[in-house]
Ligand SMILES: Cc1cc2nc3c(=O)[nH]c(=O)nc-3n(C[C@H](O)[C@H](O)[C@H](O)COP(=O)(O)OP(=O)(O)OC[C@H]3O[C@@H](n4cnc5c(N)ncnc54)[C@H](O)[C@@H]3O)c2cc1C
């Protein structure tokens, strides 16, 4: 696989791995501190290529897969501001986001708007130069640790699909209530929150892009978010493969190491094959972003669908290989097993990925 990476990317990857070795020793993970350290050590910067961000995500997710949700949220929000924010929004939010002074949150999903994002019911009403926003968001990643939210509201009439607009709103207002972290199965390190917005007045300068462009903006961020989600799954697959090889060569039963049993070898062979295939699809999607933009949607969905499906299947097999020790709360494979399920759900469920792939083929 290394053969696909240029020398510069290999050097970057190796520096990231050195950083990880130092950073994660005996330390409680604090996401803001992690992001700041990544900036300080020049692993993130506005000029980073998508490939660099993907290699970073992959390596960090090998360490702890749940970090991927935090990272993809930060990267998706920077993409939105870079592509659609005006100069004022860029200067107010982008620098602080990169330095870690600010943490962002992407909040689209609502109780009645999941896969069908056009169903959002949050409203924004124009009053002179201000917008009045009311709504209820759920599953907002980074909600309880963020400084601002990129959110979406109906700005024409209620449930008019063409009237969704994007806004950036600072969270330091009494009119925004971020509820306590939603308890969940996996990716626990990244908080998920419900957000209630009541009679929030913001300036028209907080509008991102044109009125009615909200769905286009959201989908463009989700399209790149899927590639980050695939990188999260690839990092997870790499992590469990590592654990399975380590454990199976050390563990002896019936007079030999369990790695000598074909049953175990086959699990690990399948895992290795799918990890390589997932990585190839991931790097192809990254390549397409620069070289074949028309294919990004299809390839990003293929990479996300394949790699998250493989992560879910093989993390279950990894627990099987580790036996009882794979069930320990503290075990990497137990965490990977829990983390992998949600990868099949966010950034569009895998059923939605199949819709995207077939739509791209037939249109
Ligand atoms: C941990 C976590 C983090 C998240 N982070 C964020 C975030 O930061 N920001 C944000 O805005 N959202 C976030 N989400 C929300 C996430 O994007 C949605 O959960 C996801 O889009 C699916 O929506 P839903 O849960 O309402 O499921 P539903 O849309 O209700 O889907 C339920 C089932 O129906 C299937 N289905 C729906 N429509 C179709 C169709 N047309 N064809 C075939 N099958 C279909 C789905 O595939 C799924 O199996 C997060 C979710 C989770 C669990």
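The values are calculated or read from the model by the stated rules, or taken from the named source; none is laboratory data. These figures come from a predicted structure and were not determined experimentally. Backbone-built Cβ (ideal geometry, glycine too); neighbour counts: all protein chains shown.
If you go through segment 90-111, how many residues are surrounded by 17 or more Cβ atoms within 10 Å (Cβ to Cβ), more than 12 Å from the ligand (Cβ to nearest atom), at negative phi and outside any helix (DSSP H, G or I)?
2
Checking the condition modelled with pLDDT of 95 or more, closer than 19 Å to residue 290 by Cα, surrounded by 12 or more Cβ atoms within 10 Å (Cβ to Cβ) and not assigned by TED's automatic domain parsing to the domain that holds residue 274, which residue from 70, 75 passes? That would be 75, the only listed residue that is modelled with pLDDT of 95 or more, closer than 19 Å to residue 290 by Cα, surrounded by 12 or more Cβ atoms within 10 Å (Cβ to Cβ) and not assigned by TED's automatic domain parsing to the domain that holds residue 274. Between 298, 289, the distinction of being closer than 22 Å to residue 352 by Cβ, modelled with pLDDT under 95 and in a helix (DSSP H, G or I) belongs to 289 only.
Among the residues examined, residue 73 does not qualify as within 16 Å of the ligand (Cβ to nearest atom), free of Cβ contacts under 8 Å to residues at least 40 places away in the same chain and within 30 Å of residue 203 (Cα to Cα).
Among the residues of segment 112-125, count how many are surrounded by 15 or more Cβ atoms within 10 Å (Cβ to Cβ), in a loop (DSSP other than H, G, I, E, B) and within 11 Å of the ligand (Cβ to nearest atom). Total satisfying the criteria: 2. The one condition from (1) within 15 Å of the chain's Cα centre (by Cα); (2) modelled with pLDDT under 95 that residue 350 does not meet is (2). Could you look through segment 78-88, keep only residues that are in contact with a strand residue (DSSP E or B) (Cβ under 6 Å, 6 or more places away or on another chain) and assigned to a helix (DSSP H, G or I), and pick out the one that is surrounded by the most Cβ atoms within 10 Å (Cβ to Cβ)? The qualifying residue surrounded by the most Cβ atoms within 10 Å (Cβ to Cβ) is 80.
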